[in-house]
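Everything on this sheet refers to the single structure shown next.
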Amino acid sequence: FFCPCTILKDGCSIVDTPGCDDKDPLKKDALKDALNSAQTVVVVMKRNADATESVLNVFQEYPTFLHNMKKYPEKSRLCVMHYLEGSTDVTSNIDTIVQGKWNV
């Protein structure tokens, strides 16, 4: 699969990792490796308490990305996109965190 993309021209790559609640140890290792080397993380999730808790647990279990974001805020980005089941109003369901204070 090849698709030319301007944001990837300088050697960046997009990694689609397993979901936060995946129990397969190999997939969890892939998620950990991706988070440990990422400069930007895009989280796409349902807008509910279970999904939020699941994402928070991943960042607690693998805190390297948040530590790097705190240390190098100019190089790190986190984008959280959430959706309501059955909602068609996408514009009101996107939150972007460009820089923030992290207690990690």
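The values are calculated or read from the model by the stated rules, or taken from the named source; none is laboratory data. Because the structure is predicted, anything quoted here is derived from the model rather than measured. For neighbour counting, all protein chains shown are included, and Cβ atoms are generated from backbone atoms with ideal geometry for every residue, glycine included. The accessibility values were calculated without ligands, DNA or RNA, using every heavy atom of the protein model including side chains. Shrake-Rupley method; radii C 1.70, N 1.55, O 1.52, S 1.80 Å.
The figures follow:
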quantity: Meets criteria (at positive phi and not in a strand (DSSP E or B)) for G11; calculated: yes
quantity: Condition broken by Y72, with the remaining ones in (1) surrounded by fewer than 12 Cβ atoms within 10 Å (Cβ to Cβ); (2) in contact with a Cys (Cβ under 7 Å, 6 or more places away or on another chain) satisfied; calculated: (2)
quantity: Residues of segment 1-39 classified as polar (S, T, N, Q), open to solvent by 80 Å² or more (accessible area, probe 1.4 Å) and touching a residue at least 24 places away in the same chain (Cβ under 8 Å), total; calculated: 1
quantity: Residues of segment 66-85 that turn out to be under 12 Å from the mean Cα position of the chain (by Cα) and polar (S, T, N, Q), as a count; calculated: 1
quantity: Filter result (open to solvent by 50 Å² or more (accessible area, probe 1.4 Å) and within 17 Å of Y83 (Cβ to Cβ)) within segment 40-52; calculated: V42, V44, K46, R47, N48, A49, D50, T52
